[in-house]
């Protein structure tokens with residue numbers, strides 16, 4: 001421990017407390033900087049979405065596939081393979097629980113694309129309850145192109161219910177004996193389906209952007225930790241008992257009060 005005097009007190013550096021404070025402040029600073037980076041990324045993404053949602057539809061047959069295609073408006077012609085439709089647990093825009101219906105579509109040029117046709121309630125998972133929406137023959141679709149978000153929590157599906165935890169294009173193609181899907185999914189627009197199901201237009205464009213608040217929280221925690229460390233390490237030195245306060249007048253008190261008679265004391269009788 002190192003101690004030194006400062007500001008009329010003593011500042012003591014305890015090594016363990018110092019190291020823990022440095023670790024916590026650096027960690028909070030790193031997380032705050034990371035949230036500021038995420039803020040910029042989300043701001044750029046929202047700007048991209050705002051630009052692409054007003055662009056004309058691009059036909060998939062002429063689309064040049066690359067990394068910069070997310071949220072593009074696309075159109076395609078083909079036939080749905082309803083026999084191999086899949087389901088993914090989803091919450092509708094209205095806040096109701098249910099499934100997204102994922103249906104393979106064979107395009108006119110012979111390529112397969114996975115189409116998110118929209119949301120259905122839990123009770124309508126069986127296609128027999130929504131036969132009108134199982135459109136047959138050649139169809140023309142319009143929607144938004146989305147790149148699948150791959151995380152380890154979203155892989156695989158429940159074998160019994162057939163519900164997938166996320167979009168895994170390779171696994172979904174193998175499961176349905178399809179040569180392979182294009183490296184994206186098309187989420188259909190809000191054009192009504194016959195019978196009302198599935199409900200299209202479930203793409204989320206108004207993404208939350210709270211990263212600035214998160215960053216300020218981490219920076220605030222770092223400041224609080226540093227403040228607590230400084231306050232807890234400083235201690236005011238006690239004032240010496242014989243120290244005189246500035247401006248005070250020290251009163252003289254005789255050591256033997258009897259040697260200084262007052263007017264209230266009875267007169268002393270002289271002995272003859």
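The values are calculated or read from the model by the stated rules, or taken from the named source; none is laboratory data. Keep in mind that what you see is a predicted model, and the values were worked out from it rather than measured. Counting neighbours? That spans all protein chains shown, and the Cβs are built from the backbone with ideal geometry, glycine included.
Descriptive notes on the structure:
Quick grid of which residues meet (1) in the same structural domain as residue 30 (by TED's automatic domain parsing); (2) closer than 30 Å to residue 41 by Cβ; (3) surrounded by 11 or more Cβ atoms within 10 Å (Cβ to Cβ); (4) at pLDDT 85 or above:
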site	(1), (2), (3), (4)
188	no, yes, yes, yes
215	yes, yes, yes, yes
226	yes, yes, yes, yes
247	no, no, no, no
251	no, no, no, no
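- Sole residue being surrounded by 14 or more Cβ atoms within 10 Å (Cβ to Cβ), modelled with pLDDT under 95, within 32 Å of the chain's Cα centre (by Cα) and within 21 Å of residue 207 (Cβ to Cβ), chosen from 52, 38: 52
- Only one of 167, 115 that is buried (at least 17 other Cβ atoms within 10 Å of the Cβ), in contact with a helix residue (DSSP H, G or I) (Cβ under 8 Å, 6 or more places away or on another chain) and under 25 Å from residue 57 (Cα atoms): 167
- Residue in the range 75-91 that is within 27 Å of the chain's Cα centre (by Cα) and in a loop (DSSP other than H, G, I, E, B) present: no
- Flag for residue 164 being at pLDDT 75 or above and closer than 30 Å to residue 15 by Cβ: no
- Scan of the range 203-213 for residues that are out of contact with any helix residue (DSSP H, G or I) (no Cβ under 7 Å at 6 or more places or on another chain) and either more than 19 Å from residue 143 (Cβ to Cβ) or at pLDDT 95 or above (or both), ordered by number: 208, 210, 213
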